[in-house]
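Take a look at the structure below.
The values are calculated or read from the model by the stated rules, or taken from the named source; none is laboratory data. Bear in mind the structure is a predicted one, so any value in this text is a computation, not a measurement. For neighbour counting, all protein chains shown are included, and Cβ atoms are generated from backbone atoms with ideal geometry for every residue, glycine included. Just the protein is used for accessible areas: all its heavy atoms, side chains included, with ligands, DNA and RNA removed. Shrake-Rupley method; radii C 1.70, N 1.55, O 1.52, S 1.80 Å.
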Amino acid sequence: MRHRTKTHLLSKEQIEELFLRAEVGRLGTFSQDGFPYILPMHFVYFEDKIYMHGLPKGKKIDNIAFNQNVCFEIDEMFSLLHEGVKNPCDVNTEFNSIIANGTASIVTDFDEKKIALSKIIEKFTPHLADKEMPLKMINTTAVIRVDILECVGRYYK
């Protein structure tokens, strides 16, 4: 099974397509208590970066301040491959996945923050994309940017 990690790689185009169609990814951060912290997050991918938004306080914000190194994971499962299988250990899964390592930061530039929030609105609530965002909401919402350093996509069919 180990050989699949090198032979079942998604192309750059397939990785980009998965980034664009996925709605939820998991952000992994380092906690000061030594335990990893993984949180499902809505996100948007553009200009080879991942953007997320949320409250300006909390564990993910504290963790990013402690250590900017993060991991971001996306997956989609299509089916269990069990037809004709006699041994439960031989069941497999048809899937696509991405694991990206990078550095996270809280966006402080107003224009970048507004663009990222606009892209999130376009992705998740396109019917509201033409509405003006209240200045207070832009200023009080935390926007996290992940600059991707390494990204690997895998599949199995």
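If the condition is being touching a strand residue (DSSP E or B) at 6+ places or on another chain (Cβ under 9 Å), open to solvent by 60 Å² or more (accessible area, probe 1.4 Å) and outside any strand (DSSP E or B), then region 18-48 contributes 20, 21, 23, 48. Listed by first and then second residue, the pairs with beta-carbon distance under 7 Å, at least 6 apart or on different chains, first residue in region 34-47 and under 13 Å from residue 104 (Cβ atoms), second β-branched (Val, Ile, Thr) and open to solvent by less than 30 Å² (accessible area, probe 1.4 Å), are 37/29; 43/50.
For region 65-86, state whether one or more residues are within 13 Å of residue 142 (Cβ to Cβ) and either polar (S, T, N, Q) or open to solvent by 40 Å² or more (accessible area, probe 1.4 Å) (or both). The answer is yes; a qualifying residue exists. Taking the stated definitions as given, is residue 51 open to solvent by less than 90 Å² (accessible area, probe 1.4 Å), hydroxyl-bearing (Ser, Thr, Tyr) and without any contact (Cβ under 8 Å) to a residue 60 or more places away in the chain? It is false that residue 51 is open to solvent by less than 90 Å² (accessible area, probe 1.4 Å), hydroxyl-bearing (Ser, Thr, Tyr) and without any contact (Cβ under 8 Å) to a residue 60 or more places away in the chain. For residue 98, the test of being in a strand (DSSP E or B) and closer than 28 Å to residue 38 by Cβ is passed. Inside region 95-146, residues that are open to solvent by less than 60 Å² (accessible area, probe 1.4 Å) and either without any contact (Cβ under 8 Å) to a residue 12 or more places away in the chain or among the charged types (D, E, K, R) (or both) make up a count of 6.
In this structure, does residue 152 turn out to be open to solvent by 40 Å² or more (accessible area, probe 1.4 Å) and either assigned to a loop (DSSP other than H, G, I, E, B) or within 26 Å of residue 14 (Cβ to Cβ) (or both)?
Criteria met by residue 152.
Within region 123-145, being part of a helix (DSSP H, G or I) and more than 22 Å from residue 105 (Cα to Cα) holds for 124, 126, 127, 128.
Candidates in region 54-64 are the residues that are charged (D, E, K, R) and part of a helix (DSSP H, G or I); of these, the one that is surrounded by the most Cβ atoms within 10 Å (Cβ to Cβ) is 60.
Reported count of residues in region 6-17, each being in a strand (DSSP E or B) and surrounded by fewer than 12 Cβ atoms within 10 Å (Cβ to Cβ), is 0.
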